[in-house]
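Peer 1: Sending over a structure as structure tokens; questions will come in a sec.
Bear in mind these aren't lab numbers, they're just calculated from the coordinates by the rules spelled out. It should be emphasised that the depicted structure is a prediction, and the values quoted were computed from it without experimental measurement. Every residue, glycine as well, gets a Cβ built from its backbone with ideal geometry; the counts of neighbours run over all protein chains shown.
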Ligand SMILES: Cc1cc2nc3c(=O)[nH]c(=O)nc-3n(C[C@H](O)[C@H](O)[C@H](O)COP(=O)(O)OP(=O)(O)OC[C@H]3O[C@@H](n4cnc5c(N)ncnc54)[C@H](O)[C@@H]3O)c2cc1C
């Protein structure tokens with residue numbers, strides 16, 4: 001269709017809301033808008049949906065595996081609502097309470113951070129007060145540190161926008177051992193960045209939401225289905241069931257604007273598609289390319305990698321569902337047999353899979369597969385000597401070089417809002433200014449904000 005046939009006035013009235021990007025943010029925006037009676041068209045560049053949270057068929061075993069283990073917490077309210085809406089909540093497994101076993105690789109010490117039964121925030125305080133990886137006198141230091149971080153966040157202290165997590169922890173009187181054994185594992189897992197680089201503000205938000213919320217907010221929640229089955233299948237059915245259209249392999253190349261409004265999007269193959277409103281739910285560098293010509297300056301992002309290994313063994317591992325390893329390359333080990341109360345997709349005959357996560361893998365990203373396998377197995381055997389006798393049948397390494405934007409203080413201060421200067425163009429994605437780390441919850445929160453803005457604008461039009 002030539003642009004002239006798509007003048008804003010002739011086509012915009014019956015055009016759908018176009019959502020660029022079929023990652024979690026794009027799908028969540030489409031679900032929210034479909035639920036609220038809006039017609040949507042989702043355009044995804046790749047041949048599959050799900051973006052950075054997806055699963056694929058592993059050729060050797062035939063198993064469907066994730067691009068990396070994803071975890072949530074009970075404080076992921078937006079995500080849990082989204083999954084409830086699309087009917088996918090049954091694909092989740094909840095801890096009965098916050099329970100995180102750790103092994104320190106250097107000393108061999110092990111302890112579990114386990115919430116008590118009291119009211120918030122005493123449930124988590126109870127856990128820290130009994131956390132055996134800290135000497136008693138330092139448990140109080142950790143408790144006090146948590147309260148200080150919470151108070152800074154409660155009064156929206158502008159300092160949080162300017163400093164790193166490391167600065168914040170020092171400011172709150174946290175000595176090296178407390179930082180390493182209590183705070184760094186949380187910081188690296190949620191920010192996917194080294195504490196010396198990551199912004200304090202989203203970390204403080206995590207501490208407040210996860211540990212100063214309800215008992216339920218502090219519980220870990222895991223998928224018990226491969227990621228694409230959890231996030232994509234039911235979302236697609238919901239959107240299409242409400243009359244929405246999803247196109248994969250549709251790379252949006254340009255936005256066509258007139259009088260400060262987008263009236264169409266142009267695909268790489270030249271196709272023009274009319275748009276009443278647009279939600280741009282792509283990563284920051286893609287957004288920059290699309291929006292720069294319209295004078296919308298998306299901050300340049302550096303990215304932080306995640307390396308994941310899936311290891312197939314010939315016998316049950318008998319580990320807790322997940323364990324934090326301190327002081328090595330591997331940070332978290334998930335025993336999938338134990339994690340998935342009902343394994344849904346394993347076909348290989350070797351259902352005993354350990355998934356290992358290395359976040360903020362700036363060094364490990366350049367290790368060879370062999371180096372990673374050796375390092376991870378060595379750490380697993382050090383942490384769990386009983387595993388030495390079991391045989392590794394197969395292993396794959398997944399490197400996500402651009403797993404998440406690196407939320408440095410500089411980037412954090414420049415995260416853009418939902419509304420752009422183009423009136424019917426809205427931003428979504430884990431990197432938009434939600435106040436949260438670049439996570440699934442941030443992606444869904446940004447999507448809900450964008451959907452609200454679309455509906456509000458439509459009502460006013
Ligand atoms: C290995 C790994 C582990 C993780 N673990 C966790 C975890 O445990 N907990 C957690 O909460 N989060 C985790 N995350 C982060 C989480 O996956 C992301 O925050 C989330 O998936 C981001 O979703 P999004 O929709 O904002 O972006 P994306 O998933 O990047 O989606 C954007 C989509 O836009 C498409 N696109 C780009 N340009 C165009 C274009 N021009 N036209 C059309 N489409 C386009 C892309 O192909 C992509 O599908 C992890 C991420 C990785 C990689």
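Peer 1: Determine, for 188, 356, the number of other Cβ atoms within 10 Å of each Cβ, and report the residues in order from fewest to most.
Peer 2: If I rank by nearby Cβ atoms, fewest first, I get 188, 356.
Peer 1: What percent do you get for the relative contact order of the range 111-217 when only Cα pairs under 8 Å and 6+ apart count?
Peer 2: In percent, rounded to a whole number, it is 30.
Peer 1: For residue 248 and residue 144, FRET efficiency with R0 = 45 Å and r from the beta-carbon atoms, rounded to 0.05?
Peer 2: Using R0 = 45 Å, I get an efficiency of 0.30.
Peer 1: Arranged by the count of other C-beta atoms within 10 angstrom, fewest first, what order do 423, 401 take? Show your work: numbers first, answer last.
Peer 2: Details: 423 14, 401 11.
Result, fewest neighbours first: 401, 423.
Peer 1: Does anyone have the angle between helix 136-154 and the longest principal axis of the chain? Alpha-carbon axes, 0 to 90°, nearest 10?
Peer 2: Taking the Cα atoms of the chain, the angle to 136-154 is about 10 degrees.
Peer 1: For the chain, what does the relative contact order come out to in percent, with C-alpha contacts under 8 Å and a separation of six or more?
Peer 2: On the way: 991 pairs, mean separation 108.6, N = 461.
Computed over the chain, the figure is 24 percent.
Peer 1: Once the Cα gyration tensor of the chain is diagonalised, what are the square roots of 5 times its eigenvalues, in whole Å and ordered largest first, as equivalent ellipsoid semi-axes? Walk me through the numbers before you get to the answer.
Peer 2: Details: eigenvalues 303, 136, 75 Å².
Value: 39, 26, 19 Å, ordered largest first.
Peer 1: Right, here's the next one. Which peptide among 306-316, 104-114 comes first, and what is the full order, when sorted by highest mean count of other Cβ atoms within 10 Å?
Peer 2: Ranking, from highest mean packing down: 306-316, 104-114.
Peer 1: How fast does the range 67-137 diffuse by Stokes-Einstein, in µm²/s, taking the Kirkwood radius from C-alpha pairs at 4 °C and 1.567 mPa s?
Peer 2: 89
Peer 1: To continue, here is another question. Would you mind checking the tilt of helix 200-211 against the longest principal axis of the Cα atoms of the chain, expressed as 0 to 90 degrees and rounded to 10?
Peer 2: Once rounded, the angle reads 70 degrees.
Peer 1: When a/c is below 1.5 the answer is rounded, else prolate if a/b is larger than b/c, else oblate, so apply that to the range 26-85 with a ≥ b ≥ c taken from the square roots of the Cα gyration tensor eigenvalues.
Peer 2: Values: a/c = 3.03, a/b = 1.43, b/c = 2.13.
Oblate, because a/c is 1.5 or more while a/b does not exceed b/c.
Peer 1: Now for a different question. Within a 10 angstrom radius of the beta carbon, how do 236, 413 rank from fewest other beta carbons to most?
Peer 2: Listed from fewest to most nearby Cβ atoms, that is 413, 236.
Peer 1: A follow-up question, please. Given the chain, what percent of its DSSP beta bridges are antiparallel, to the nearest 5?
Peer 2: 70
Peer 1: Between residue 314 and residue 126, how many nm apart are label points set 7 Å from Cα along the C-beta direction?
Peer 2: A separation of 4.5 nm, rounded to one decimal place.
Peer 1: Once every DSSP H run of n ≥ 4 in the chain is given -39500 (n - 2.57) and the sum is divided by its residues, what mean residue ellipticity at 222 nm do you get, rounded to the nearest 500 deg cm²/dmol?
Peer 2: Values: 15 runs with 145 residues, N = 461.
-9000 deg cm²/dmol, from helical runs alone.
Peer 1: Continuing with this model, one more query. Using a/c under 1.5 as the rounded threshold, could you call the range 131-223 rounded, prolate or oblate? The axes a ≥ b ≥ c are square roots of the C-alpha gyration tensor eigenvalues, and prolate needs a/b larger than b/c, oblate otherwise.
Peer 2: Numbers: a/c = 1.27, a/b = 1.04, b/c = 1.23.
It comes out rounded by the Cα gyration axes.
Peer 1: Further question: Quickly rank 70-77, 435-442, 246-253, 159-166 as a protection proxy: mean count of other C-beta atoms within 10 Å, highest first.
Peer 2: So the peptides 70-77, 435-442, 246-253, 159-166, ranked by packing, come out 435-442, 70-77, 159-166, 246-253.
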